[in-house]
Structure formats: C-alpha cells, structure tokens
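Step one of this worksheet: look at the structure below.
The values are calculated or read from the model by the stated rules, or taken from the named source; none is laboratory data. On a predicted model such as this, the values are computed, not experimentally measured, just so you know. Quick reminder, even Gly has a Cβ in these numbers, built from the backbone with ideal geometry, and neighbours come from all protein chains shown.
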Amino acid sequence: MNIRIALAGNPNCGKTTLFNALTGSNQYVGNWPGVTVEKKEGKLKKHDDVTIMDLPGIYSLSPYTLEEVVARNYLIDQRPDAILNIIDGTNLERNLYLTTQLTELGIPVVIAINMMDLVKKNGDEINIPELSRQLGCQIVEISALKGTGVMEAAEAAIAAAKNGKTVPMHTFSGPVEHAIAHIEEAAVHSMPEEQQRWYAIKI
C-alpha cells in the first residue's frame, strides 16, 4: 500500500527544509497541471511505499492566491492519507489559523512544531500536551534545519494514515451548528460526506 503524506504550512515555516530532510535526493520537481506553481514530491528515505508531497506555502485554504488554489484542490480532490502540518514555533498564533482549517477536512493530521530550538533559546515554552489535547491531534517537536525529530514526525504521519483516525470535529455554538447543518443539507449534499461540513463552514 502506497501512503501519501502532504506537507502543509505557512511560507517560511521550514516546510521545504523538512521535505529535503525526509526525501534527500529522492525527489521529483515539476509544475502543477496548467500552472507555473512548483510541484515537489519524493519518496520518504528508507520507505519506498511512502510518498511525500510538498504543497505550496499557504496561510489559509481560502482560494485567494494561485498557491492556495493548488494546495486546496490537492487536499480536497486528491485526498492524501495524512497531512503533516508544519508550524513555526516562534510564530504559533499565525500558523495555527491554517491548522484549524486543515483539521476540518476529514483527513488525519499530525503537527510538527518547527524551530523548537529557537523557542527554547528565547526562553519561551509551549505546552505541547495541552495544545495537542485542544487540537485533537498528535504534535511532534522538530528542528528541520538540524534534522532533529523529522523522522519521528514522518513516522507519526504514517501511523495516522494507517489508523485513519481524523481530528474530532470542532463544535460551534448552537445557532452556528444549526446554520452549518442547513447549508450541508441544502447546498453541499451532493459532495462526498467527509467534505460536506468543510464546504458548509467555508460558505
């Protein structure tokens, strides 16, 4: 069974550095169909049955830029087996906006918090267990530049893909949930079930 893992994260979060650390020279660079946005994929080191897709750096899944359109279309249409969401630990709040959108897709998500060495050097601390509990997915601390924790993050994504367990659904207040249910029923009922809620929230 070939497992497909998508790397998703904000621009300059260390995603491509992580991609290079995971795949080495075993990668293919081309363009996404019909656009000039670079497409990079490769085989995970020592795992010929695991393909890593380096998605364009994006801030959200709202299709405002070509990169966001490409990344969103891949995640929704191709549906990888797991998403490895890379977060810049020195800029947590901004990075987590994308995370909250990724967890609504119905695809297993593992979070890799990058630059943890800098976080600690700055005297800051991230409560990983509490953040993991609130987001509902596993978090691995990494330094993509130094290579620490990168294979652990990949192995966690593989395990999540095999397990198939998705993030518990975020529940909004009663009136909002009521509106989402109405939109699902009226506008997006013809879409695959696992995508209906995500589309309804976006509407």
Does GLY34 meet the test of being touching a residue at least 12 places away in the same chain (Cβ under 8 Å) and either closer than 24 Å to GLU104 by Cα or assigned by TED's automatic domain parsing to the domain that holds SER143 (or both)?
no
Matching residues, segment 116-131, being assigned to a loop (DSSP other than H, G, I, E, B) and more than 30 Å from GLY164 (Cβ to Cβ):
ASN122, GLY123, ASP124, GLU125
Filter pass, ARG72 being surrounded by 18 or more Cβ atoms within 10 Å (Cβ to Cβ) and among the basic types (Lys, Arg):
yes
Could you please let me know if TYR74 is of a type in the set (Ser, Thr, Tyr), over 24 Å from GLU152 (Cβ atoms) and within 14 Å of the chain's Cα centre (by Cα)?
yes
Filtering segment 19-55 down to residues that are surrounded by 15 or more Cβ atoms within 10 Å (Cβ to Cβ) and either in contact with a Cys (Cβ under 8 Å, 6 or more places away or on another chain) or more than 20 Å from VAL150 (Cβ to Cβ) (or both) yields TRP32, VAL37, LYS39
GLY89 fails exactly one of the following numbered conditions: (1) under 18 Å from PRO56 (Cα atoms); (2) touching a helix residue (DSSP H, G or I) at 6+ places or on another chain (Cβ under 7 Å). What is the number of that condition?
(1)
Of the numbered conditions (1) farther than 26 Å from ASN95 by Cα; (2) at pLDDT 90 or above, GLY30 satisfies every one except a single condition; which is it?
(2)
Those residues of segment 111-137 which are within 15 Å of the chain's Cα centre (by Cα) and farther than 16 Å from GLY9 by Cβ, in sequence order:
SER132, GLY136
The residue from ARG4, ARG79 that alone is at pLDDT 95 or above, surrounded by 15 or more Cβ atoms within 10 Å (Cβ to Cβ) and either aromatic (Phe, Trp, Tyr) or touching an Asp or Glu at 6+ places or on another chain (Cβ under 9 Å) (or both) is ARG4
Flagged in segment 69-111 as within 28 Å of THR36 (Cβ to Cβ), in contact (Cβ under 8 Å) with a residue 40 or more places away in the chain and among the aliphatic types (A, V, I, L, M), in numbering order, are ALA71, LEU75, ILE76, ALA82, ILE83, LEU84, ILE86, ILE87, LEU98, LEU102, LEU105, ILE107
Please verify whether ASN12 is over 24 Å from THR103 (Cβ atoms) and assigned by TED's automatic domain parsing to the domain that holds MET115, treating the condition exactly as stated.
no
